[in-house]
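J.: Before I ask anything, let me first share the structure, which is written out below as structure tokens.
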Amino acid sequence: MRQTKRYDGLDRFRLVAAAFVVAIHTSPLASFSEGADFFLTRVLARVAVPFFLMVTGQFVAAGCLQHGAGRLFRYLKKTFLLYGMGTLLYLPIGIYAGHYEKLRLADMVRMLFFDGTFYHLWYFPACMTGVAIVYFMSRIRNRKQMFLLAVLLYMIGLGGDSYYGLIEMVPYLADIYEAGFCLFSYTRNGIFMAPLFLLLGVQAAESRMNDRRILWAGLGISFLAMTEEAFLLRTFELQRHDSMYLLLPVVMFFLYKLLLTHGTSMEGDGTGREESRRKRWTAYAVSASAWIYILHPAMIVAVRVIAKAGKVNLLLENSLVHYLAVLVLSCMISFFMVLMLPTLYKNKYKRSCLHINKKKEKRITQNQETAVCCGRAWLEVDRKALHHNVRFLQKRLPDSCKLMPAVKADAYGHGDVLVAKELEKVGIDAFCVACVQEGVKLRTQGIKGMILILGYTHPSQFFLIEKYHLTQTVVDYSYACQLNDYGKLMHVHIGVDTGMHRIGVRSEQLEQILDIYRMEHLAVDGLFTHLCVSDTMNVRGKNYTAAQAEAFYHLVRQMKEHGYECSAIHIQASYGVLNYPKLPGDYARVGIALYGVLSTKEDTAAWSNDLKPVLSLKARIAAVKTLYEGESAGYGIQYTAKQNMQIATLSIGYADGLPRALSCGAGSVLIHGCLAPVIGRICMDQMTVDISGIENVQAGEEAVLIGHSGAMEISVCDIAKQSGTIANEILSRMGARLERVLI
Ligand SMILES: *Cc1c(COP(=O)(O)O)cnc(C)c1O
């Protein structure tokens, strides 16, 4: 059974809040008692807008804080569209009422960004500004400081609102406020009012204060005090406007918390008939409240027209009747909009629900899949470490040289799509892969940057290169001819052989290379070579690298003399960046170093201050058992217990990429921060380890195969060394069935 959090209290209160807003704009009790009307519209109903802001805080701002700028822009776009729609809707009324006459540019700015294009529409720019401010505050400040900042803004806002009378007494301050009022007519806007309530919404959702008695008491006391505050301010005629009170945030906190405790967290599979009916009703209420907010000023006009036309004076003379008429009309039209306009609304509602459900489902299945896989064996990809390595490598190179990360072989086992997406977030826009399939996969999964295929692609697959906008390496002259014969424009980088003798046109074959440049259907975007001993810093290695570099740059110079400015040249891979950072180039094709390790344990140790390992490999302990003295374990009974001992079976094997060479004590894993040596032969999907001496090991716990546990660490290089290879091979052979989790 799934826990579905419901917000019934919040959802229902939206309608109440909408009714409050209508009251603010119609003054229901004005015919009866000025004091009563003041209480209703200037005190009680003042909770409405902060309430809406807090909902936005909880459900939007919190998301932006967590998920970053993407979410922010989506919200801004959506709200902007809504604002635009509202503006269009009220344009005729505004024009008729003369709102837009003699507008200067400054007035337009004020209207658009602060006051709203119609009197109630200020809420939309306020939300946008507020959410953006909260987001940017979060970039530079922690939560506490953000709060202080928001409180400060609110205080400044108070000075221009309910407490303006006090400000007016202070000479220079009054001038500053006056200047401000050229920019906005009120301080209850996105700058001064919204941020605090948005943050308060985030905070209220997170706070654990749930005792309803305390909340009721808090609400009662603070609301009484706020009422007192409002009437005092009114008596002394300090108010310029009356949207903000000192105690309003306190009242709102308690009110919001109470509403939150009303949303019961339901146990259920979410398919119950009753529940889905209620859900739908709540969804209607939520949408209807938004419509009421947007439409009610038009309904005020409509009621006036009806009253005048039908000569129903009561509608205008009795404020309460007027209010009720506006409210009922607004509700009717709003519910009509939500319920009866299937093409305009319901489909969209359905679609958005579907969208949400799909998203939810995706999240849930992701969670479940993670849960399933984390239940067996999985890889953790450390996002921070990856970002750190990117920054370090980038810093080592001149500014003009960009990284072109090698995400071949499933990003050295880390998960190519996962890694590439993470890299795109930090501004990487070029990648290299080994083969066309890897490129197609990245492209279809949404990677936008340039993707260079470093290896050979068979002519039967040239169409994929073209279809998915990939860039192909020219592996030699005859291959260039084949590419050209395909007859469609192909983007290529020419591989140049400067001494590795693997692929590439030989660097001394200037004529061939010029020929390739001239080929009709080839767009030569780059020229590169690969260093084959840049990891070896002895005399022979250095000389060889120097010769390779010289051959390459000589070629580039010759090309220039022939009038070919090479668009992008690249020569370094990881070791090149570390050992020869000064070699000029437009790209560096970094692979292994990006993942925070180097080929050998010694190299990795030498750079351990600068590079952080990105990957951890973990597996679940499937069973713990006793092996009695003299008993043997595993295939080939390679291990025999010398005394009674505890062993654990792990749910990971060589099919997951763990070298079988670690069998029989060659390797170990970490459990509870202690080494547990492998006993017997590693199987395809399972293995056993000796856990004697490790306290309290239980089935279901995790074992670390690569990474940290307590103070201990097993690195990829340890495993590489134990199995006689380099870290690159271990990483690139990580099993396809391991779940990759970004942390
Ligand atoms: C794999 C590869 C790289 C990346 O190498 P690292 O040593 O892992 O940085 C760069 N260039 C070419 C041609 C490659 O094949």
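Where a number appears in this text, it was derived from the coordinates with a stated rule and is not lab data. Just so you know, these numbers come straight off a predicted model, no measurement behind them. Because the Cβ atoms are built from the backbone with ideal geometry, glycine has one as well, and the counts that use them run over all protein chains shown.
J.: In terms of the ratio Rg/(2.2 N^0.38 Å) built on C-alpha atoms, what value belongs to the chain? Walk me through the numbers before you get to the answer.
T.: Working: Rg = 34.1 Å, N = 743, 2.2 N^0.38 = 27.1 Å.
So the Cα radius of gyration is 1.26 times the expected 2.2 N^0.38 Å.
J.: What do the square roots of 5 times the Cα gyration tensor eigenvalues come to for the range 530-599, in whole Å, largest first, as semi-axes of the equivalent ellipsoid?
T.: Details: eigenvalues 114, 48, 9 Å².
They are 24, 16, 7 Å, listed largest first.
J.: Mind scanning Lys408/Lys448; Lys144/Lys612; Lys77/Lys488 and naming the pairs with a C-alpha gap bigger than 28 Å?
T.: Working: Lys408/Lys448 16 Å; Lys144/Lys612 30 Å; Lys77/Lys488 39 Å.
Table pairs above 28 Å Cα-Cα are Lys144/Lys612; Lys77/Lys488.
J.: How big is the Rg/Rh ratio for the range 457-586, C-alpha atoms only, Rh by Kirkwood, two decimals?
T.: 0.99
J.: Which whole-number percent gives the relative contact order of the range 137-296, counting Cα pairs below 8 Å spaced six or more residues apart? Walk me through the numbers before you get to the answer.
T.: Values: 122 pairs, mean separation 45.9, N = 160.
Averaging sequence separation for qualifying contacts and normalising by length gives 29 percent for the range 137-296.
J.: Hey, another quick one. Could you order the peptides 627-634, 384-391, 611-618 from most to least packed, using the average number of other C-beta atoms within 10 Å per residue? List each step's numbers first, then the result.
T.: On the way: 627-634: 14.6, 384-391: 17.4, 611-618: 23.4.
Those peptides, ordered most packed to least, come out 611-618, 384-391, 627-634.
J.: Could you work out the relative contact order of the range 30-175? I mean the mean sequence separation of Cα pairs under 8 Å and 6+ apart, divided by the number of residues, in percent.
T.: Values: 65 pairs, mean separation 29.0, N = 146.
Relative contact order of the range 30-175: 20 percent.
J.: Mind checking the range 1-95 for chymotrypsin sites (Phe, Trp or Tyr not before Pro) that DSSP puts in a loop (not H, G, I, E or B) and that have at most 16 other Cβ atoms within 10 Å?
T.: Values: sites: Tyr7, Phe13, Phe20, Phe32, Phe38, Phe39, Phe51, Phe52, Phe59, Phe73, Tyr75, Phe80, Tyr83, Tyr90; in loops: Tyr7, Phe32.
Those that pass, being in a loop and sparsely packed, are Phe32.
J.: Could you work out the per residue convex hull volume over the alpha carbons of the range 46-97, in cubic angstrom? Please report the intermediate quantities before stating the final value.
T.: Values: hull volume 4.2 nm³, N = 52.
Once divided by residue count, the hull of the range 46-97 is 80 Å³.
J.: Here's a follow-up. For the range 527-575, calculate the relative contact order in percent as a whole number, restricting contacts to Cα pairs under 8 Å that are 6 or more residues apart. Present the calculation step by step, with values, prior to reporting the outcome.
T.: On the way: 36 pairs, mean separation 26.1, N = 49.
For the range 527-575, the relative contact order is 53 percent.
J.: Still on this structure, please answer the following. Which value does Rg/Rh take for the range 90-173 over its C-alpha atoms, Rh per Kirkwood? The partial results should precede the final answer.
T.: On the way: Rg = 16.6 Å, Rh = 15.3 Å.
Answer for the range 90-173: 1.08.
J.: Rounded, prolate or oblate: which one fits the range 685-742, using the alpha carbon gyration tensor with axes a ≥ b ≥ c (rounded when a/c is under 1.5, else prolate when a/b beats b/c, else oblate)?
T.: prolate
J.: Can I ask one more? Roughly how far apart, in whole Å, are the Cα centres of the range 199-246 and the range 612-632?
T.: Here the answer is 58 Å between Cα centres.
J.: If you take the charge dipole of the range 535-591 about its Cα centre, with +1 on Lys and Arg Cβ and -1 on Asp and Glu Cβ, which of Val577, Ala551, Asn538 is farthest toward its positive end?
T.: Positive-most Cα among the choices belongs to Asn538.
J.: Would the range 192-247 count as rounded, prolate or oblate if I go by the C-alpha gyration tensor, calling it rounded below 1.5 in a/c and otherwise prolate when a/b exceeds b/c, oblate otherwise? Write out the running numbers ahead of the final one.
T.: Details: a/c = 5.69, a/b = 1.50, b/c = 3.79.
In terms of gyration-tensor shape, oblate.
J.: Given the rule -39500 (n - 2.57) for each run of at least 4 DSSP H residues, summed and divided by the residues of the chain, what is its mean residue ellipticity at 222 nm, to the nearest 500 deg cm²/dmol?
T.: Numbers: 29 runs with 381 residues, N = 743.
Calculated mean residue ellipticity at 222 nm is -16500 deg cm²/dmol.
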